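What follows is a set of notes on a single structure, which appears directly below.
The values are calculated or read from the model by the stated rules, or taken from the named source; none is laboratory data. Just so it is clear, the model here is predicted, and its values are computed rather than measured. Cβ atoms come from the backbone with ideal geometry, glycine included; neighbour counts cover every protein chain shown. Areas reflect the complete protein model, heavy atoms only, side chains present, ligands, DNA and RNA absent. Shrake-Rupley method; radii C 1.70, N 1.55, O 1.52, S 1.80 Å.
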Amino acid sequence: MRVKILGSAAGGGFPQWNCACTNCRRLRDGSLLGTSRTQTELAWSAVPGEWNLLNASPDLRTQIESTSELWPRDGRESPIRDVVLPSAELDQVLGLSLLREFHSFRVHATPSVRKILTEDNSLFGVLARFSGQVNWQDIPLDQPFSVGGARFEALSLPGSFPGFVSASRQTELNPQDAVIGLLISPDSQVNSGEDSSQRTLAFLPGVGCVSDTLLGTLQNCDILLFDGTFWSDDEPLRIPGITRTARQMGHLPLSGPGGSLELFATLRRPRKIFIHINNTNPILDEESREYRMVREAGWEVAHDGMELTL
Ligand SMILES: [Zn+2]
């Protein structure tokens, strides 16, 4: 099973259009050792010729054009079959609107996320212009489910619905549906003959705190793609307009007591990769002390175009 990281940045991308922080400014003037990144997006293929998406990034059009496996083959026959959404955050769903153009596909989301997108936002009516255009599938929180030759398990994470969802609407929704992490492994029934013995990738781009149960689950993974949004808890407070800490925004910082570097120091089995990296995070500068600390702790920093095998 092939997994491609099409985008590795947090919302806004790197550089961000309205940002002249040290990282964005230095990337633009060519003085930063590092690369630009689009907003987080994964593609996977477990069946030859068929591809599926995890997230629907606002940068999806560019990401598809940068990835020849995702190009249409004949006429308008796209290899993209299924899209799995971990939340209703804009940087994870806006790309759905880019998949219109009379293409039929399936979207997998928790019931609450489906309601937000299909009942509260007329914009997504572009995905219901003909019968069978988009087939919505509910993600169960209590049992594994299959998508495109892969076996998925949803992990309900502490987190909230996006700020654009009204308070009254939120009372009608299941809070456990708001943010999920995903465990992905090749589906042994589909991939009979391949060595698919429990190889598992964990995708958790937005995690505010890690319980002992979650830590135990992640210990048994082979690849961990984890929230790399902010280096420090107070980093977002330095961004004009933001009044919440990283943890309050639902992102465990990398550094400091209880940060992900400390928390996962004993995790030996998984290949550990930070993803969903905000443009203010100093690890984007490959000459920084913080980047060196991350690498010395055994972590990698995801970049667009990175390929993984499960
Ligand atoms: Zn910036």
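Structure data summary
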{"quantity": "Local electrostatic count at Leu85 - Lys and Arg +1, Asp and Glu -1, tallied over other residues with Cβ under 12 Å", "calculated": "-4"}
{"quantity": "Cα gyration tensor shape of the stretch 91-229, rounded if a/c is under 1.5, else prolate or oblate by comparing a/b with b/c", "calculated": "oblate"}
{"quantity": "Full-stretch length increase - Glu172, Gln137 - with 0.36 nm per residue and alpha-carbon distance subtracted", "calculated": "10.6 nm"}
{"quantity": "Charge context of Ser160, other residues only, Cβ under 12 angstrom, K/R +1, D/E -1", "calculated": "-1"}
{"quantity": "Three-way shape label, the chain, alpha-carbon gyration tensor, a/c 1.5", "calculated": "rounded"}
{"quantity": "Rough spin-label spacing in nm, given labels placed 7 Å along Cα→Cβ, for Gln248 and Leu90", "calculated": "2.0"}
{"quantity": "Area of Leu85 that stays accessible when all protein chains are in place (1.4 Å probe, Å², to 10)", "calculated": "0"}
{"quantity": "Antiparallel %, DSSP beta bridges [both residues in the chain], to 5", "calculated": "50"}
{"quantity": "Loop-located GluC sites (Glu not before Pro) in the stretch 5-83 whose Cβ has at most 12 other Cβ within 10 Å (DSSP)", "calculated": "Glu77"}
{"quantity": "Principal axis dimensions, the stretch 200-275 - Cα atoms, whole angstrom, descending", "calculated": "39, 20, 17"}
{"quantity": "Estimated 222 nm signal from helices in the chain, with DSSP H stretches of n ≥ 4 weighted -39500 (n - 2.57), rounded to 500", "calculated": "-4000 deg cm²/dmol"}
{"quantity": "Counted charge near Pro257, where neighbours are those whose Cβ lies closer than 14 Å (Asp, Glu -1; Lys, Arg +1)", "calculated": "-2"}
{"quantity": "Heavy-atom accessible area per residue - the chain, 1.4 Å, Å²", "calculated": "45"}
{"quantity": "Choice from Arg26, Arg247, Arg76 with maximal GNM fluctuation in the chain (Cα, 10 Å cutoff)", "calculated": "Arg76"}
{"quantity": "Among Ile239, Ile64, Ile184: highest mean-square fluctuation, GNM of the chain, C-alpha pairs under 10 Å", "calculated": "Ile239"}
{"quantity": "FRET E, pair Asp234, Ser211, Förster distance 30 Å, beta-carbon r, rounded to 0.05", "calculated": "0.80"}
{"quantity": "Carbon + sulfur, % of accessible area of the stretch 183-301 - ligands and nucleic acids excluded, 1.4 Å", "calculated": "47"}
{"quantity": "Highest average packing first - 149-161, 27-39, 271-283, 130-142, Cβ atoms within 10 Å", "calculated": "271-283, 149-161, 27-39, 130-142"}
{"quantity": "DSSP-defined beta bridges in the stretch 104-185 - what % are antiparallel, rounded to 5", "calculated": "65"}
